[in-house]
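Here is the structure we will look at.
The values are calculated or read from the model by the stated rules, or taken from the named source; none is laboratory data. All figures in this text were calculated on a predicted structure; none of them were measured in a lab. In this analysis, Cβ positions are derived from the backbone assuming ideal geometry, glycine residues included, and neighbour counts consider all displayed protein chains.
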Amino acid sequence: MVKFSRINIESEGLNKFFSPNEVRILQLLWEKEKSTSTEINECINDLSLACIAGTLDRLVKSGFVERELIDTESKIKYIYRPAHTKAEMGTLISERVIESLIDTFGDTVTDTFGKYKKKK
Amino acid sequence: MLEAIECYFSCIARSNTNFILFALVIIALTMGIIFLFSKKPNHIFLSQIVTSVALVEGFLQMSCPMAGYVWIYLGLISGAMVLLGLVQVGFDRHIQNLEIEGSRFSRNLSFELGTDIYLLDTQKIKAYSYKRKIYLSVGLLELLEPDEIKAVAAHELYHVRNTPNRFMANTLAVASLWFKSYRDDIKADRFAADLAGKENLISALRKLEVSNFKKRLKGIGA
């Protein structure tokens, strides 16, 4: 899940919630739907394979990316897929952020969101 | 420091039970010499145990005022040993969490190489020999061609076969997190080049982007 300590409201776009390398890999996976590490490295060729490997491990551990082990007698590799669509991830992150806001400020938060809904 | 050493020896000379210490030292030395000829891991292990007992026995015989310093040194050494042990426990868990069991690929690879290969569940590029087992990561196996994998496995096999015993293997494995033993690596490289072919080893080392690439090339005479 998104680490609260890592959220930075001042950054642009998804960089608010992820590191720049994580964002690039996530966006690529959303675009391609599934991919191997070598394919990712071909598309993001300014990063080293070691750097991409570390980032992929981290994304899998935090549950944003799923990987499947292809394990036959002659070949072994991981295939990566995004665990959520971009919209699903939006919901997930919003829920966590709103929950924490409600924890701190109570009903004021839901009232504020009511106003936004009316405007829409 | 020098005074402490002087005190150590004078205390031992004055002690009534110093013959036990001498006996232990002689046993440890004999086991060490036997190991040089037999190359059996158990012999050097026994020698290590007797040496540790002799060390403690020696410190127990301290009686002069400088002995306090000697105890402090002993404390520092045991502290370091405990720390090393803790790091090892941590590393054990780390590897246990990552190990993939029942992989078809690794079963096939183990059969081909004639030695057991264990897999690590990570995209990172890792190859370890730890506790007399060879671990290769999925990331490494994805990156290398079969002949290059053979070269890396042979390199690790050298480490597995040529570390005197389990105790030493563990300590070395933990210590090597900080101190890389180039000399051992170069011997292992030579072994791997003989077994799997020089060009396979070189291309594997290049792909793995090892930090001491040029030195390693020189080591295998390329």
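Given the conditions (1) at pLDDT 90 or above; (2) within 14 Å of chain A (Cβ to nearest Cβ), report the number of the one that B:His155 does not fulfil.
So B:His155 meets the others, but not (2).
If the Cβ limit is 9 Å and pairs must be 6+ apart or interchain, which residue in the stretch B:102-130 that is part of a helix (DSSP H, G or I) pairs with which residue that is aromatic (Phe, Trp, Tyr)?
Listed pairs, sorted by first residue: B:Ser106/B:Tyr118; B:Ser110/B:Tyr118.
Could you tell me which of the residues B:Thr51, B:Thr30 is of a type in the set (Ser, Thr, Tyr), within 27 Å of the chain's Cα centre (by Cα) and at pLDDT 85 or above?
Values: B:Thr51 fails: at pLDDT 85 or above.
Only one candidate qualifies: B:Thr30.
Taking the condition surrounded by 17 or more Cβ atoms within 10 Å (Cβ to Cβ), within 14 Å of chain A (Cβ to nearest Cβ) and part of a strand (DSSP E or B), does B:Leu136 pass?
Answer is yes for this residue.
Condition (residue is within 14 Å of chain A (Cβ to nearest Cβ), in a helix (DSSP H, G or I) and either within 30 Å of B:Arg14 (Cβ to Cβ) or among the small types (Gly, Ala, Ser) (or both)) applied to the stretch B:68-89: is it met by at least one residue?
Taking every residue of the stretch B:68-89 in turn, none turns out to be within 14 Å of chain A (Cβ to nearest Cβ), in a helix (DSSP H, G or I) and either within 30 Å of B:Arg14 (Cβ to Cβ) or among the small types (Gly, Ala, Ser) (or both).
Quick check on B:Asp147: is it away from chain A (no Cβ under 13 Å), charged (D, E, K, R) and over 25 Å from A:Ala50 (Cβ atoms)?
Against the criterion (away from chain A (no Cβ under 13 Å), charged (D, E, K, R) and over 25 Å from A:Ala50 (Cβ atoms)), B:Asp147 does not qualify.
Exactly one of these conditions fails for A:Gly54: (1) touching a Lys or Arg at 6+ places or on another chain (Cβ under 7 Å); (2) assigned to a helix (DSSP H, G or I); (3) away from every other protein chain (no Cβ under 14 Å). Give me its number.
A:Gly54 satisfies every listed condition except (3).
Kindly provide the set of residues from the stretch A:26-51 that are more than 11 Å from chain B (Cβ to nearest Cβ) and under 16 Å from the mean Cα position of the chain (by Cα), ordered by number.
Matches in the stretch A:26-51: A:Leu26, A:Gln27, A:Leu28, A:Leu29, A:Trp30, A:Glu31, A:Lys32, A:Glu33, A:Lys34, A:Ser35.
Of the residues B:Phe105, B:Phe111, only one is touching a strand residue (DSSP E or B) at 6+ places or on another chain (Cβ under 8 Å), within 11 Å of chain A (Cβ to nearest Cβ) and aromatic (Phe, Trp, Tyr); which? Before the answer, list the steps.
Working: B:Phe111 fails: touching a strand residue (DSSP E or B) at 6+ places or on another chain (Cβ under 8 Å).
The unique qualifying residue is B:Phe105.
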